[in-house]
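All remarks here apply to the structure that follows.
The values are calculated or read from the model by the stated rules, or taken from the named source; none is laboratory data. None of the values given here were measured: they were computed from a predicted structure. All Cβ positions, even for glycine, are placed from backbone atoms using ideal geometry, and neighbour counts span all protein chains on display. Accessible surface areas use protein heavy atoms only, side chains included; no ligands, DNA or RNA. Shrake-Rupley method; radii C 1.70, N 1.55, O 1.52, S 1.80 Å.
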Amino acid sequence: MTSTTLIVRRYDTAEAVTLEVRGARIASIEPLDDRHQGGELAWIAPGFVDLQVNGYGGQEFSSADLTVENVAAIMRRMAEFGVTRFCPTVTTAGFDVLAHAMKTIAAACDADGQVARRVLAIHLEGPFISPIDGPRGAHPLAHCRPPDWDEFARLNDAAGGRIGLVTLSPEYENAPKFIARAASEKIVVSIGHTAATSDQIRAAVDAGASMSTHLGNGAHRELPRHPNYLWDQLAEDRLTASLIVDGHHLPAEVVKTFWRAKTAERVVLVSDLSGLAGLPPGRYASELCDLEILDDGRLVIAGQRQLLAGASRPIGDGVANLMAFAGADLRAAVDAASIRPARLLDPTPAPMGLEVGAIADLACFRLRSSPAQKTHVPNTFEAQATYCGGEKVFERIAVG
Ligand SMILES: [Zn+2]
């Protein structure tokens, strides 16, 4: 049985420890004596669990071109960000493209045990979303449609039953019925890309919806001051909100307000990485329009620097930003990117915290304050090493 010893600092107690991994599990955690408790140790935390990854490095999951090799390649890249489990996210398209993506992800899981382990579930975002400009976001209008259980069931069959999360808009008349059916099959239903009224949101939650997808994005540019679907979802304690805290999708004040309103119990971080994330700055053709990656990493519609076309920063940036924007402590911010999203999809998972006997899905990382930053709150995240089931799947090579 392989064994690894790590000298690190716990994210939850800030204690310096020697952590031993034996086989797939954490075998021991021992405090280090004070002499070693300098400022140099990397943090250690449960591996990140990202519920929304659309693709990476030039490949979208929602694509007629997706191959089994692409799925495995994206999985490997996620390890560079401390991500040990994630939801490949398949977005609005025609049935054939969706079915191809489902079949391909399922085949990738069947072909490779690592893919099967690290794909927590498939997230189907759309096609049952609002057709209205603003709420629809960048999803293609031609393919937005009302919820259809038969279509969903065929897609889930193609996926080998792996769809664990579906984002839809409850603005359609048959939405509550669809939501109740999905919830009865233990599929998490998340409200997103919606123009729903207060009554429709309440009906969706009564039927079993339990999440809001990237709350505050995929919304109208202007809304009535109240009521509106943002207040409705913020005030609804039965909904956990996923947030994209990349510094671009939500202003810091909004992140802070959402965090305070929902509380740490009801917030999860997602990256919402676009398939173009990870490519160098430049112009790229997509099926809908030309996109551009700017020097600061923002992904925008080409020539329109203000219109975000997707996300390009990994979930660890969200951890650092949540601390800087909302005053979250490291433990709460990391839990929002790891334990909490894992529990949402699987309420009774095996122990995954930093405890003896837990599966060794681990992220080692550093947080830094950028020189431009006036406060001492760290706002830069850097993954150092990632372990999946005790196996080292990423290590940053020191430069210089
Ligand atoms: Zn979206």
Scanning segment 206-221 for residues that are on the phi < 0 side of the Ramachandran plot and surrounded by fewer than 23 Cβ atoms within 10 Å (Cβ to Cβ), the one nearest to the ligand (Cβ to nearest atom) turns out to be 217
Scanning segment 306-332 for residues that are without any contact (Cβ under 8 Å) to a residue 40 or more places away in the chain and closer than 15 Å to residue 247 by Cα, the one most open to solvent (accessible area, probe 1.4 Å) turns out to be 306
Counting only residues that are away from the ligand (no atom under 14 Å from the Cβ) and not in a loop (DSSP other than H, G, I, E, B), segment 91-100 contains a total of 6
Within segment 107-118, restricting to residues that are among the aliphatic types (A, V, I, L, M) and either open to solvent by 10 Å² or more (accessible area, probe 1.4 Å) or within 16 Å of the ligand (Cβ to nearest atom) (or both), the one that is farthest from residue 386 (Cα to Cα) is 107
If you go through 88, 46, the only one that is in contact with a helix residue (DSSP H, G or I) (Cβ under 9 Å, 6 or more places away or on another chain) and free of Cβ contacts under 8 Å to residues at least 40 places away in the same chain is 88
The correct count of residues that are open to solvent by less than 10 Å² (accessible area, probe 1.4 Å) and over 17 Å from the mean Cα position of the chain (by Cα) in segment 119-146 is 5
Going through segment 334-353 in order, the residues found to be under 15 Å from residue 43 (Cα atoms) and at pLDDT below 95 are 353
Within segment 179-197, residues over 24 Å from the mean Cα position of the chain (by Cα) and open to solvent by less than 30 Å² (accessible area, probe 1.4 Å) come out as none
